[in-house]
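Okay, so here's the structure we're looking at.
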Amino acid sequence: MAEVAIVTGASRGIGAAVARLLGANGYLVCVNYRVGKEAAECAVADIVRHGGSAIAVAADVAQVEDVRRLFETVDQQFGPVTALVNNAGIYGPRGRVDALDLADLQQVLAVNVIGLIACSQQAVRRMSTRHGGTGGAIVNISSGAAYIGSPGIGVQYSVSKGAVNSFTIGLSQEVAGEGIRVNAVSPGLTRTDMPERDLLAQGASSIPMGRVAEPKEVAEAVLWLLSEKASFVAGTNIRVAGGRP
């Protein structure tokens with residue numbers, strides 16, 4: 001029986017790379033997006049063109065009703081989810097903490113933390129043997145920003161990813177005995193549209209390998225954590241950063 005995967009924020013960047021890689025490895029894939037319908041449908045088309053099965057579902061993970069509808073749609077189309085990749089995330093305004101608008105901070109936390117937890121709740125209710133499920137795996141996309149802090153640029157983003165790391169540790173211990181493995185991946189600087197262009201251009205100098213990551217390189221770590229090859233791995237956080245701590 002095929003594995004059923006939901007990848008949030010999967011219309012572009014790391015999420016799209018994860019969705020395509022899972023599709024190529026036999027997963028039935030839900031490409032979730034909030035905006036970027038055309039890009040999400042392009043990812044679906046790529047998966048189908050290479051022999052996989054995928055659907056695109058619009059849902060804002062910061063909205064509880066949207067999250068519920070997302071999972072119910074996948075129930076109807078593919079069956080209960082067995083693999084969740086919590087990738088959806090926003091950076092927020094770049095600048096100092098004392099210049100940050102409270103509404104912007106609340107939005108970052110609503111998407112990056114509350115939305116991730118809401119999606120995980122829905123997944124656990126379907127995967128957990130406690131609820132009649134057959135198990136599964138969750139991978140949370142964190143960031144090296146949680147360790148670095150991003151002073152002067154985006155402390156709010158770093159804070160949200162620190163919360164993701166703590167949530168990963170806690171949830172993994174709650175559900176490890178119920179057939180669910182929860183892990184995280186913390187990418188370093190990656191060639192997506194989130195980092196500013198000049199940061200991508202200059203960032204390689206701070207990376208021991210001398211270059212930034214490609215989204216597919218991060219996706220490979222996600223695939224491994226979801227797979228049976230990582231059957232005894234739970235509560236871990238894989239840093240994919242070219243040697244940067």
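Read-outs: derived from the displayed coordinates by stated rules, not from any lab. These numbers were taken from a predicted model, which means no experiment stands behind them. Here the Cβ positions follow ideal geometry from the backbone for every residue, glycine too, while neighbour counts run over all protein chains shown.
Fully extended, how many nm does the chain gain between Arg68 and Ser53 (0.36 nm per residue separation, minus their Cα-Cα distance)?
3.2 nm
Using the Kyte-Doolittle scale, find the helices of the chain whose mean hydropathy is at least -1.0 and whose Cα atoms extend 15 Å or more along the helix's long axis, counting only whole DSSP H runs.
Both cut-offs are met by 13-24, 37-49, 64-77, 116-127, 155-175, 215-226.
What is the fewest-to-most order of Asp66, Asp98, Asp198 by other Cβ atoms lying within 10 Å of their Cβ?
Asp98, Asp198, Asp66
Would you mind ranking Arg191, Arg96, Arg181 by Cβ crowding within 10 Å, fewest neighbours first?
Placing the least packed residue first, the sequence is Arg96, Arg191, Arg181.
What residues of segment 93-127 lie in the reach of a label at Gln173, counting those whose backbone N is under 20 Å from a point 7 Å from the Cα along Cα→Cβ?
117, 120-121, 124
Per residue of the chain, what 222 nm ellipticity follows from adding -39500 (n - 2.57) for every DSSP H run with n ≥ 4, rounded to the nearest 500?
About -13000 deg cm²/dmol.
Sorted by packing (mean other beta-carbon atoms within 10 Å per residue), highest first, where do 155-165, 209-219, 18-28 land?
18-28, 155-165, 209-219
In terms of the Cα gyration tensor, with a ≥ b ≥ c the square roots of its eigenvalues, is segment 28-90 rounded because a/c is under 1.5, prolate because a/b exceeds b/c, or oblate?
In terms of gyration-tensor shape, oblate.
Would you please state the base-10 log of I(q)/I(0) at q = 0.15 1/Å for segment 4-240, with intensities from the Debye formula using one equal scatterer on every alpha carbon?
Those come out to -0.99, one per q.
How many angstrom lie between the C-alpha centres of segment 187-218 and segment 123-176?
That distance is 22 Å.
Using a 10 Å cut-off around each Cβ, can you sort Ser231, Ser53 from fewest to most neighbouring Cβ atoms?
In increasing order of surrounding Cβ atoms, one gets Ser231, Ser53.
Sequence neighbours fewer than 8 away in the same chain don't count; with that in mind, list the aspartates and glutamates whose C-alpha is under 17 Å from Lys216.
Hits, sequence-local ones excluded: Asp46, Asp193.
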